[in-house]
Amino acid sequence: MALDFSFNKEEVKQKIFNAKRACIITHKNPDGDAIGSSLGLAGVLSQLNIDTKVLVPNKHPEFLQWIPFNEKILVWEKETESGKNLIQNADLIFFLDFSNLSRIEELEQDVLQSKAYKIHIDHHPNAESPSDILLNYTNVSSTAELTYWFLRELELDKHIKTDEATALYVGICTDTGSFNHNARNNTFLTVAFLLDRGINKNEIHSRVFDNFSFDRMRLLGYCLENKMEYIPEYNTAFISITKEELARFNFVLGDTEGFVNYPLSIKGVRFSAIFIENPDLIKISLRSKGSMAVNKVSEKYFNGGGHINAAGGNSTKSMEETLNTFRNLLVNYKDELQN
Ligand SMILES: [Mn+2]
């Protein structure tokens with residue numbers, strides 16, 4: 001069941017078919033969906049003989065650098081002049097996977113001056129931008145999935161070959177955590193189409209998810225055995241890590257990604273947190289299940305905010321004081337924390 005698009009299909013088609021140079025822009029610290037949706041779309045536009053580049057504010061991580069069409073990516077931070085030329089000369093600009101131009105930071109001014117026809121495709125709430133066409137649907141797993149439905153609406157899905165399909169699949173499987181959240185019937189219809197295009201699902205999963213360093217695995221083991229505290233009466237468990245511990249395991253950025261989810265897989269646990277000591281402050285991630293609103297906790301105690309089941313914050317106090325604040329706040333949420 002295709003999405004109910006209301007944009008002027010003929011106008012968009014004409015703009016695309018008449019375009020000579022396209023620039024696809026995605027957000028800072030690009031994730032699998034940002035890169036996957038952008039490269040999948042770049043592959044399709046290139047087949048239409050449109051000179052297409054993907055512009056990212058800063059470099060994407062190594063586990064996303066193998067995706068087909070990676071050579072079309074230009075990193076603004078490193079090649080600012082080329083990036084400016086790209087935006088200036090493009091007659092077609094896409095914004096993918098971000099809701100607001102503030103997510104592209106330094107590129108914003110150049111983008112605002114551009115006369116190109118602009119198409120904005122995103123699945124985050126309340127997307128807005130000075131674009132000609134805004135496709136903002138939140139009931140879609142990922143921007144990659146939305147890009148598929150967009151191309152299908154324009155009858156351009158025939159240009160989704162194995163490489164384009166591989167890129168789009170990366171976006172879907174990363175944004176859904178391997179189909180654990182937000183994957184709906186439309187998501188699986190999209191995946192069925194991509195599988196038909198000949199993608200190697202197992203190899204993609206392996207390249208995206210099985211790429212941790214030995215040190216990172218040992219850090220995780222250390223945290224789970226020695227640094228996790230479990231408070232059964234409040235169905236809460238949390239992890240804390242100091243600077244010294246990070247250094248001992250040769251920490252590199254991204255190593256603690258996902259650690260906060262482990263306590264939540266203990267039977268009955270509804271609230272989990274991780275406290276990571278940075279040079280200047282303690283970074284905090286909070287996760288929960290059900291009605292336990294962790295964004296409220298973060299707003300009230302940890303200078304942050306976020307979604308009901310996933311939020312972030314920080315503390316400028318010592319680790320011990322911060323953990324005590326956390327232990328002591330739980331009593332205020334005893335009803336939400338009951339199973
Ligand atoms: Mn996304």
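The values are calculated or read from the model by the stated rules, or taken from the named source; none is laboratory data. All values derive from a computational prediction rather than experimental measurement. Please note: Cβ atoms are built from the backbone with ideal geometry, for glycine as well, and neighbour counts cover all protein chains shown. Side chains are part of the model used for accessible areas, which takes the heavy atoms of the whole protein and leaves out ligands, DNA and RNA. Shrake-Rupley method; radii C 1.70, N 1.55, O 1.52, S 1.80 Å.
Note on the range 111-129: residues that are in contact (Cβ under 8 Å) with a residue 24 or more places away in the chain and touching a Leu at 6+ places or on another chain (Cβ under 9 Å) amount to 12. Taking the condition away from the ligand (no atom under 16 Å from the Cβ) and open to solvent by 30 Å² or more (accessible area, probe 1.4 Å), does LYS28 pass? The answer is no for LYS28. You will find that of ALA273, ALA183, the residue that is open to solvent by less than 10 Å² (accessible area, probe 1.4 Å) and either under 22 Å from the mean Cα position of the chain (by Cα) or more than 30 Å from THR162 (Cα to Cα) (or both) is ALA273 and no other.
Please verify whether THR256 is closer than 14 Å to PHE238 by Cα, open to solvent by less than 60 Å² (accessible area, probe 1.4 Å) and under 22 Å from the mean Cα position of the chain (by Cα), treating the condition exactly as stated. It would help to see each step written out before you state the result.
Values: closer than 14 Å to PHE238 by Cα: yes; open to solvent by less than 60 Å² (accessible area, probe 1.4 Å): yes; under 22 Å from the mean Cα position of the chain (by Cα): yes.
The answer is yes for THR256.
Just one residue in the set ALA19, ALA2, ALA34 is touching a helix residue (DSSP H, G or I) at 6+ places or on another chain (Cβ under 9 Å) and within 16 Å of the ligand (Cβ to nearest atom); that residue is ALA34. Of all residues in the range 89-96, one or more are surrounded by fewer than 18 Cβ atoms within 10 Å (Cβ to Cβ), at pLDDT 95 or above, assigned to a helix (DSSP H, G or I) and not small (Gly, Ala, Ser).
Go through ILE35, ILE24, ILE16 for me and flag whichever is touching a strand residue (DSSP E or B) at 6+ places or on another chain (Cβ under 6 Å) and in contact (Cβ under 8 Å) with a residue 40 or more places away in the chain. Before you say what the answer is, go through the steps one by one.
Numbers: ILE35 fails: touching a strand residue (DSSP E or B) at 6+ places or on another chain (Cβ under 6 Å); ILE16 fails: touching a strand residue (DSSP E or B) at 6+ places or on another chain (Cβ under 6 Å).
Every option except ILE24 fails the conditions.
Being away from the ligand (no atom under 13 Å from the Cβ), open to solvent by less than 10 Å² (accessible area, probe 1.4 Å) and not polar (S, T, N, Q) holds for only one residue in VAL140, VAL111, and it is VAL111.
Put simply, of LYS78, LYS72 the only residue that is open to solvent by 10 Å² or more (accessible area, probe 1.4 Å), at pLDDT 95 or above, under 28 Å from ILE199 (Cβ atoms) and of a type in the set (Lys, Arg) is LYS72.
Exactly one residue out of LEU86, LEU48, LEU64 is surrounded by 21 or more Cβ atoms within 10 Å (Cβ to Cβ), more than 26 Å from GLU203 (Cβ to Cβ), of a type in the set (A, V, I, L, M) and touching a residue at least 40 places away in the same chain (Cβ under 8 Å), and it is LEU86. Taking the listed residues ASN309, ASN278, ASN303, the one that is surrounded by fewer than 23 Cβ atoms within 10 Å (Cβ to Cβ), in contact (Cβ under 8 Å) with a residue 12 or more places away in the chain and within 20 Å of the chain's Cα centre (by Cα) is ASN309, with no other qualifying. Quick check on the range 313-339: of everything there that is among the charged types (D, E, K, R) and farther than 16 Å from THR242 by Cβ, which residue is surrounded by the most Cβ atoms within 10 Å (Cβ to Cβ)? Checked the range 313-339; the qualifying residue surrounded by the most Cβ atoms within 10 Å (Cβ to Cβ) is GLU336.
Just one of the listed residues (GLU106, GLU145, GLU77) is of a type in the set (Asp, Glu), out of contact with any Gly (no Cβ under 6 Å at 6 or more places or on another chain) and part of a loop (DSSP other than H, G, I, E, B), and it is GLU77.
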